[in-house]
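J.: Just dropping this structure here.
Where a number appears in this text, it was derived from the coordinates with a stated rule and is not lab data. Just so it is clear, the structure is predicted and the values come from calculations on it, not from any experiment. Neighbour counts run over all protein chains shown; Cβ positions are idealised from the backbone, glycine included.
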């Protein structure tokens, strides 16, 4: 299945009772198979923007277009079943086993039991969890990292063409986080899923993104590849953001990654 | 204990009719309270008002309410049945609301985001996790109802209350003891059974 | 389980409730008021009907005459035992009638006229108010009538219940009819302890009902109401006309039983329940069994 194309056209969102837009005049496109990171501090509107794609947040102005179709013209339930959704708190269903959690969307779509069982084992292996050991485990018995792996598996179980991730690794410890980031890159490139990833962590953004969308108070500051962001920041704000902290290491990392990318392209 | 020993069949028969009264009233009460609670749980402005009203009804002395119902419905099974259904609403609806609202909001968000319709979120995610709390409410309601149902002996000739009120009128303490003991035994048995059910519906904590 | 299945199950579960309500109409519903004698007589009626093959539902312990009558008129009960004096004074608000037959005729006629309620055959038993004393005190003070009591009152201590002091036909009526006397001392007791005061020599005279069990078990003496203050209080089965029309056998069965309840029978049965803690159902059963053994009386 071809990866989805997502476009934001002058999107604006205002929460009731607020005096300013949470998201204001945002326009950019995601190409099929890209991993785009929404980067910014808390309150910049990145999560709100993410959730307009699967209609968990209603739009006040503009359009969100998925594969050429305005999302408001689509049935929200069907739309969401075709788009993976991973959140920081994971939200695994506590009364279901790991396998049952992963099976949620496939069973909503009417897959057979054997199709589901096969897919569950496939996904557990894909996210690096031994199927026999984890299939019947309860969410309460999982570590933070394990839980989020299951969360990712659950999100991609029905082979969605797009994936929305809202600071998915924020609650995971630092060591596990690095492993998960690496795995995520591998998984989404294997599955060719268009991914929109929200974070406030600059290094995470640089590690994962094909392109980064820097946001501040509801508006887009810049949309660019990590390298371009680093070398040619569009505004002082972006410059201070990407050069903050350990930017020597970051410089090497960005260039190294760019080299790898061009080498494997 | 002597009345109990001398008339075991009579006490047993009254215990059965007592249980029948409470059982049927509980079933009908659930039929009303569960949808009511589910509806209110989603609405933060409605829930306190609803539970407040039901709570106020609960504080009406049962004998007074029963007297009004006897006026409306006559003697027998009906007035005590209606009173029981009404009293149970508070405990049941309150636990439905609490159980649903206690469900982790992240799970509800994830469920919606993955593509469950609102009824599916309710039935597949919220209700199963609210069930232990609901059964807890059923347990509390059942025990309260077993007690309140003794008033059925006053106006309806139903249940173990017959022994208690007859015993009072006839100045036969043994009858009162028999009726009270049997009602206690019923309450303990029902409590134990429902605790078991409650425990069974909690998500299992054993590792896979 | 799905919502629709849960709904179906609760409907099925609640069916017994509604079935019961409908089913109960087929029983003969017997009521009683909230004191031992009413219980006993109602139980006798109930068992007599059951022995004749009719299904009976017992709604005993109804709080008062008003409640029982309201229940009759609403059709919540079909039959209950009532006293001619009570009907006269508390329901019809007429003055008391001491003669049993006259009292019965009046209430029977007016109840049929006003309420469509039929008075079946009355019992000889007359549960009227009375004053009682021990045989020893009666002998020593030469007390055999209420006039004697009135004369000796300044030397007598009365043990009674609150109701007797409040009822117009209690102490006030007694004092009016018998010439305005005053007792030396009046003390109220719980109804269960009243006679004990008499027996323990804390009182000389006690207010009573003529069929109290204690009168037989404590061998007390009833003083004669020579100026006919107190009304007749014969008990009879009251039945709704509609119920009798639907089941004529009710009249036949109860009319056979009612005439057998005498003062003495009532006293022994009351004593059995109150003093010996016998179950009213057992006492009633014994009474009916004994009745069966006797040659029938018209």
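J.: Rounded to the nearest 10 degrees, what's the angle between the helix C:65-74 long axis and the longest principal axis of chain C, both from Cα atoms, 0 to 90?
T.: For helix C:65-74, the angle is close to 30 degrees.
J.: Given axes a ≥ b ≥ c from the Cα gyration tensor, I'd like to know whether chain A is rounded (a/c under 1.5), prolate (a/b larger than b/c) or oblate.
T.: Oblate, because a/c is 1.5 or more while a/b does not exceed b/c.
J.: If you don't mind, another one. Take peptides A:32-38, A:11-17, A:105-111 and line them up by average Cβ neighbours within 10 Å, highest first, as a rough protection proxy.
T.: Those peptides, ordered most packed to least, come out A:32-38, A:105-111, A:11-17.
J.: Here's a follow-up. What is the helix-to-structure angle for A:247-264, meaning the angle in degrees between its Cα long axis and the longest Cα principal axis of chain A, kept from 0 to 90 and rounded to the nearest 10?
T.: 60
J.: Which whole-angstrom value gives the distance between the alpha carbon centres of segment C:147-190 and segment C:91-131?
T.: 26
J.: Quickly work out the residue C:192-to-residue C:92 label distance, labels modelled 7 Å from Cα along the C-beta direction, and quote it in nm with one decimal.
T.: Between residue C:92 and residue C:192, the simple spin-label model gives 3.7 nm.
J.: Using Cα centres only, tell me the gap between segment C:228-296 and segment B:157-200 in whole Å.
T.: Computed from Cα coordinates, the inter-centre distance equals 31 Å.
J.: So, one more: How much mean residue ellipticity at 222 nm does chain C get from its helices, if each DSSP H run of length 4 or more adds -39500 (n - 2.57) and you divide by all residues, to the nearest 500 deg cm²/dmol?
T.: -14000 deg cm²/dmol
J.: Starting with the fewest neighbours, write out A:249, C:115, C:104 ranked by other beta-carbon atoms found within 10 Å of each beta-carbon.
T.: A:249, C:115, C:104
J.: Okay, moving on. Taking other Cβ within 10 Å of each residue's Cβ, how do A:114, C:32 sort, fewest first?
T.: A:114, C:32
J.: Sorted from fewest to most neighbouring beta carbons within 10 Å, what does the list B:181, B:65 look like?
T.: B:181, B:65
J.: While we're here: When a/c reaches 1.5 or more, the comparison of a/b and b/c decides; with that in mind, is segment B:2-201 rounded, prolate or oblate per its Cα gyration tensor?
T.: On the way: a/c = 3.34, a/b = 2.02, b/c = 1.66.
Note, shape of segment B:2-201 comes out prolate.
J.: If you don't mind, another one. Could you give the distance between the Cα centres of segment A:126-155 and segment B:56-91, to the whole Å?
T.: After rounding, the separation between the Cα centres reads 52 Å.
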